[in-house]
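Below is one structure, written out as structure tokens; the observations come after it.
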Amino acid sequence: MCGKCIVFISLIVSAIAIYPYFDTQDFIYNVPKVFRISITLDRLLEYYEKTPSKDPEWYIALGIARGQLEYTVNELDKSVPLKLKENLQNITRRMDRIRNSTDYTTLVYRSKDYEYVAKATFENLEVLSSILEPLTIGTMGTQKPYRFTFEQYVQEAKTKMPTRKAADACMMQLLISAMESQTTQSDGACELAPECQAQIIQGSGLAFQQTSRVRAIMLARFFDCMDGVDLSALIYKLCIQIYKETKSLEAWDHPAGTRTLFMQQIFICASQGYGEFIKPRWMNKVISWQEPKGCYADDRQPFLKLTGFVGPTASPPPKDREEEYRVKKAASSDGGTCNSLTSAMALGTLVVYVRALLETDQAFQYDVLV
């Protein structure tokens, strides 16, 4: 009887050891998924190779995705079929062709602040794309969607900070300080004005406000800014909040204009190592959203206005109207229903999924921590 108890307990322990996380033997089942993603990626990149975008965000996402994919190909397990490896290598070559053929002088920037941010990011893109966080699972907890409605969520977002204009201004200040500290080789770390530190560290946010804060903190950590602040812990805290929000967008059945946000949340937090954002059902959604021509579409402007991220819903002043026009021009430059920011977030998300599925010690086979 005692022997049976020991066997039963050992079975429970072994079950807990692999569930709800992963089973390395399931790795082989992830290969078809990666084949499917590789086809989606190839169609997306083929479209932008033929129809170049003028949105800087597309090229930033392309550079980061290129670094992640190159790492993945170099670290492939021996059991990965040669054909799949060739597919992924061909995708990296297509990425290189797009980058090498791009005329960066034709890109459209939404503001002068953002232009500085984007150009500084381009200059450091090779290093930024090579910094990879190990993917882990089980740290986010079982976050449940918000109990309130999408309409209430939109109203709540209006009370949050920062706006896109404020976020761009603070990110530019951060990068100017970082560049100066590197140029002068001073001992002091780059710093931020008190209002920008408050915006990033003490502020609150929802929707694009929140993801803009995470991006700013990622850059601050990269450039060793805000000495004495645990930026990794702050990213962790924000990604927990974002995870709850991502699950809420799914529960609300992805209201109009939120697909870009949904994929941006996955791209940013999964790239920081949080494996809860790697879910087969989310991967299937992203793949299914691809337009027949290969790009991705999402009418974000109404949602951006409703949340207050690009100004009030009433008629904006001339300056904001000019900025909105420039954003719209950049996003729609790829023609038709395509949106380059949405496509950029899809690209980043799919490459993160490829990496997750091919890391043999974390074969994300189950919709865990639902």
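If you go through the stretch 339-369 one residue at a time, how many are in a loop (DSSP other than H, G, I, E, B) and either closer than 14 Å to Pro280 by Cβ or at pLDDT 95 or above (or both)? Within the stretch 339-369, residues that are in a loop (DSSP other than H, G, I, E, B) and either closer than 14 Å to Pro280 by Cβ or at pLDDT 95 or above (or both) number 8.
Within the stretch 247-257, the set of residues being in contact with a Pro (Cβ under 9 Å, 6 or more places away or on another chain) and either within 13 Å of Pro145 (Cβ to Cβ) or assigned to a helix (DSSP H, G or I) (or both) comprises Lys247, Ser248, Leu249, Glu250, Ala251, Trp252. Does Leu192 satisfy being touching a helix residue (DSSP H, G or I) at 6+ places or on another chain (Cβ under 8 Å), open to solvent by less than 40 Å² (accessible area, probe 1.4 Å) and free of Cβ contacts under 8 Å to residues at least 60 places away in the same chain? Here the answer is yes, as Leu192 does meet what is asked.
Being open to solvent by 20 Å² or more (accessible area, probe 1.4 Å) and not in a helix (DSSP H, G or I) is the filter here, so list the residues in the stretch 158-170 that pass it.
Thr159, Lys160, Met161, Thr163
Only one entry of Ala166, Ala189 meets the criterion of being modelled with pLDDT of 85 or more, of a type in the set (A, V, I, L, M, F, W, C) and on the phi < 0 side of the Ramachandran plot, and that entry is Ala166. The residues of the stretch 81-104 that are crowded, with 20+ Cβ neighbours inside 10 Å and either charged (D, E, K, R) or under 18 Å from Leu357 (Cβ atoms) (or both), listed by number, are Leu88, Ile91.
Matching residues to (1) within 18 Å of the chain's Cα centre (by Cα); (2) farther than 24 Å from Val351 by Cβ:
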| residue | (1), (2) |
| --- | --- |
| Asp224 | no, yes |
| Asp227 | no, yes |
| Lys237 | yes, yes |
| Lys247 | yes, no |
| Ser271 | yes, no |
| Ile278 | yes, no |
| Cys295 | yes, no |
| Thr307 | no, yes |
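One residue stands out in the stretch 207-222 among those that are open to solvent by less than 10 Å² (accessible area, probe 1.4 Å) and of a type in the set (A, V, I, L, M, F, W, C): the one that is nearest to Met263 (Cα to Cα), namely Ala207.
From the list Gln155, Gln199, Gln173, the one residue that fits, being in a helix (DSSP H, G or I) and in contact with a Pro (Cβ under 7 Å, 6 or more places away or on another chain), is Gln199. Filtering the stretch 262-280 for residues that are open to solvent by 40 Å² or more (accessible area, probe 1.4 Å), at pLDDT below 90, not in a helix (DSSP H, G or I) and not hydroxyl-bearing (Ser, Thr, Tyr) leaves an empty set.
Applying the selection to the stretch 140-152, what residues are out of contact with any Asp or Glu (no Cβ under 6 Å at 6 or more places or on another chain), open to solvent by less than 90 Å² (accessible area, probe 1.4 Å) and assigned to a loop (DSSP other than H, G, I, E, B)?
Gly141, Gln143, Pro145, Tyr146, Phe148, Thr149
Checking Leu128, Leu107, Leu135 one by one, the residue that is buried (at least 17 other Cβ atoms within 10 Å of the Cβ), modelled with pLDDT under 90 and in contact with a Lys or Arg (Cβ under 9 Å, 6 or more places away or on another chain) is Leu135 and no other.
The values are calculated or read from the model by the stated rules, or taken from the named source; none is laboratory data. The structure presented is a predicted model; accordingly, all values stated were derived computationally and were not measured. Note: ideal-geometry Cβ built from the backbone for every residue, glycine included; neighbour counts use all protein chains shown. Surface areas here come from the heavy atoms of the whole protein model, side chains and all, with no ligands, DNA or RNA. Shrake-Rupley method; radii C 1.70, N 1.55, O 1.52, S 1.80 Å.
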